[in-house]
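Remarks on the structure that follows.
The values are calculated or read from the model by the stated rules, or taken from the named source; none is laboratory data. As the structure is a prediction and not an experimental result, all values here were calculated from the model. Positions of Cβ are backbone-derived with ideal geometry, glycine not excepted, and every protein chain shown enters the neighbour counts. The protein model used for the area step is the full one, side chains on, heavy atoms only, and it has no ligands, DNA or RNA in it. Shrake-Rupley method; radii C 1.70, N 1.55, O 1.52, S 1.80 Å.
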Amino acid sequence: AGEVIERPASVVKELVENSLDAGADRIEIDIEEGGSRLIRVRDNGCGIHPEDMSLALASHATSKVRTASDLEAIRSLGFRGEALSSIASVSRFRLTSRMAGAERAWSLALSPGGETAEPVPAAHGTGTTVEVSDLFQAVPARRKFLRTERTEFLHILEMVKRLALCRFDLDIRLRHNRRRILHCRPAELDGERRIQDILGAAFAREAAFLDAQGGGMRLWGRLGGHGQTRNQSDRQYFYLNGRMIRDKRLNHAVRKALETSIPEGRYPSYVLHLEIDPAVIDVNVHPTKQEVRFRHARDVHDFIHAAVNETVQNRGGRGPQTALPGLDRGDASPSPAQGYPLREMAALYRNDRSASPASAAAAHIILGRFIVLPLAERLMILDTVEAKRVIIRDRLRRGLEGEGVTPRPLLVPVIMECTEDDTATLERRQALLADLGLELEAAGPVSLRIRSIPAVLNQADIQALCREMLAALGQDVDSDGLIDIMARHGSATAAAPESDDAVQQLLRSLNEAGIDPASGSQTGLFRCLDENDLAQLLRIHGD
Ligand code: ADP
Ligand code: MG
C-alpha cells in the first residue's frame, strides 16, 4: 500500500483531488515543516456521512464508482479508492466532516496500526478537513527519502500552482508554518488575474494569447515572449483535458515551433490547455505519472506545432520595421491600459499643447521586447533587444580599445567539450579572447575550461557563445566581428525591461553609448509611431 504516496506533495495532491471530487470551490491548505509535521486540507465540499467515514479509510473503498460506464470514465483519472487508506497507514490521521444540512460534524482519528475507532461529534462547517500529522514518522525507510523542509514545501507549492492555473474558479489558500504563501481568489472566467497571481504581472502583460482549433482538438492559453524565457523548463504548464501533464513530445512540439524566436539554451514559459475529444482521439493518461498515450500522436504533435507557430508569426517579433509588434489582438489584449496616460500620449503625438508633457514623458508601454515611449515630443517605439546589442557592442569596443574588457570570473569554471581545431585555435588566439574578457584554457585535447566571460554579458548561454567565438576565430574573423557575436549573445538572452527604472536605465545606457534617443530614428533602434499604430494602440489600450 501507499505507492501513490511518495512525498508530502503527493499527499496534498490526493487530498485536494478528493476535495475537488466533493465539489468544493474553496480549499485551504496548511503545511508545517514541509509537510512532515502537518498537512491539513480543508474544503467546503459535500462532506462525508459519519457512517461512511471508516469505510472511506478502508482500502479500495471508493464512493465514486456506481455504474460500469462510470468505471470506464474515471479509470483514467485514477480513482482507485486507496489514497486515504494509504495515507492513514503512514501517518497520524484525522478526518472531520459535516454534510450539507447535517446537524453536526463528526470526526474520526486513526494512528498507524491503531484500531478503527468510531466517529465522535465535532465542530466543523459544511465540508471536510483531513489532517495528516507526522507523515512517515513510523516508517524510517520512507522518512529517509524526504528532502529538506524547503524542498518538500516547494514541491507542494508547485503542485498548488498547477492546480490554480487550471481551476480559475477556486479559492485556494496555502500556508506554510502559519505564514500565508498564496491566496488565489476566484478569478474571472478568462483567468487573467489568476495568471497574474501565479506567473506574475510581466507574464500576464506580455504573454501572447493563443486559441486554435482543428481535428477534434483545441489548444488555448498564453505563450510567454522573449522576456519570459527561463534557464530551465520550470514554467511550462501544459494541461490535457483539465489535467496537468508533462509529456516530452508535446513540450517538444511547442519548443520546436519556438526554435527560431528563442535563444538557444533558453526555455519558453507557457500555460497551454489542450482539449481533445476522447471520442475522436484515444487519450490515455497514466494516473500518477502524467504521461499520455495518443493513438494519433503525430496529429496531436503537428496540431500543437502549427498553433504555436502561427501565434509566433502573428506576434511579429522580427523588429519594429515590420508591423508594430505586440499590438495585434493576440498580444495586447491583456490590456495594461490602466495607469498609462494614453490620452496624453496621443495628444502629445498630435502636438496638442494643452496636454501635459510632464506626465506623459514618464510614461511608456512595454510590449514584450518593444517599448512605446514619448521622445522629443513624438511617440517612438524602441526595440530593447536591439538597444542592448548596441550598448553591449559599445562597451566591448571601448574595453578593447582601453585596458581590455572587464571579465566576470565564473564561480565554478565550466568544462566544455570541443574539437581539436578549437584547441588549436585557442592556443593561437587565447590572448585576444582574454582581452575580450573571455578567459579560456585547454583542459585536454578536446576539452576546454571557461574561466570568465565579459562582465557586460551578465546573461548568456556561455557554451554556445564560446563555440561560436572559436569557430569565428578559426576563420580569422576580426575583432569587430567577434564583438558582434558577443553582443548578439548578450542581448538575445537579456531580460526585457519590466519596470520604469529598467527603462530609464536602458535609455541612460544608450546615451552613454553615444546614441541620443531624441535624435530620432536613423539608428534603426527607434521608429516613430504612425497614425495606424496609434489607432491600434488606442483601440486596444484606450477605452
Ligand atoms: P477515491 O478518491 O479514489 O474514491 P480516496 O481514498 O481518495 O479514494 O477516498 C475515499 C473516499 O472518501 C472517497 O470515495 C469519498 O467518498 C471520501 N472522501 C475523501 N475525501 C473527501 C472529501 N474531501 N470530501 C468528501 N468525501 C471525501
Ligand atoms: Mg481520491
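Listed by first and then second residue, the pairs linking a residue in region 84-96 that is more than 12 Å from ligand 1 (Cβ to nearest atom) to a residue that is of a type in the set (Gly, Ala, Ser), with Cβ atoms under 6 Å apart and 6 or more places separating them unless they lie on different chains, are Val90/Gly2; Arg92/Ser111; Arg92/Ser133; Arg94/Ala109. Counted as qualifying within region 147-260 are the strands (runs of 3 or more DSSP E) with 2 or more residues that are more than 21 Å from Arg293 (Cα to Cα) and not hydrophobic (A, V, I, L, M, F, W, C), namely 171-176, 179-184, 217-223.
Suppose we filter Ala472, Ala460, Ala487 for residues that are surrounded by 16 or more Cβ atoms within 10 Å (Cβ to Cβ), within 30 Å of Met380 (Cα to Cα) and without any contact (Cβ under 8 Å) to a residue 40 or more places away in the chain; which single one remains? Write out each step before concluding.
Details: Ala472 fails: within 30 Å of Met380 (Cα to Cα); Ala487 fails: without any contact (Cβ under 8 Å) to a residue 40 or more places away in the chain.
Exactly one residue qualifies, and that residue is Ala460.
Does Lys144 satisfy the criteria of being on the phi < 0 side of the Ramachandran plot and without any contact (Cβ under 8 Å) to a residue 12 or more places away in the chain? For Lys144, the condition - on the phi < 0 side of the Ramachandran plot and without any contact (Cβ under 8 Å) to a residue 12 or more places away in the chain - is met. Condition first: more than 17 Å from Glu14 (Cβ to Cβ) and open to solvent by less than 50 Å² (accessible area, probe 1.4 Å). Now tell me which residues in region 35-52 satisfy that. If the condition is that a residue be more than 17 Å from Glu14 (Cβ to Cβ) and open to solvent by less than 50 Å² (accessible area, probe 1.4 Å), then Asn44, Gly47, Pro50 are the ones that fit. If the requirement is being at pLDDT 70 or above, over 30 Å from Gln463 (Cβ atoms) and surrounded by 19 or more Cβ atoms within 10 Å (Cβ to Cβ), which of these qualifies: Leu274, Leu327, Leu258? Exactly one of Leu274, Leu327, Leu258 is at pLDDT 70 or above, over 30 Å from Gln463 (Cβ atoms) and surrounded by 19 or more Cβ atoms within 10 Å (Cβ to Cβ), namely Leu274. Being on the phi < 0 side of the Ramachandran plot, of a type in the set (Lys, Arg), in contact (Cβ under 8 Å) with a residue 12 or more places away in the chain and in contact with a strand residue (DSSP E or B) (Cβ under 6 Å, 6 or more places away or on another chain) holds for only one residue in Arg167, Arg266, Arg173, Arg249, and it is Arg173.
The set of residues in region 4-51 being within 14 Å of ligand 2 (Cβ to nearest atom) and assigned to a helix (DSSP H, G or I) consists of Ser10, Val11, Val12, Lys13, Glu14, Leu15, Val16, Glu17, Asn18, Ser19, Leu20, Asp21.
Just need a number here: residues in region 18-30 that are open to solvent by 10 Å² or more (accessible area, probe 1.4 Å) and within 7 Å of ligand 1 (Cβ to nearest atom). So the answer is 3.
Checked against (1) outside any helix (DSSP H, G or I); (2) loosely packed, with under 14 Cβ neighbours inside 10 Å, Asp480 passes all but condition (1).
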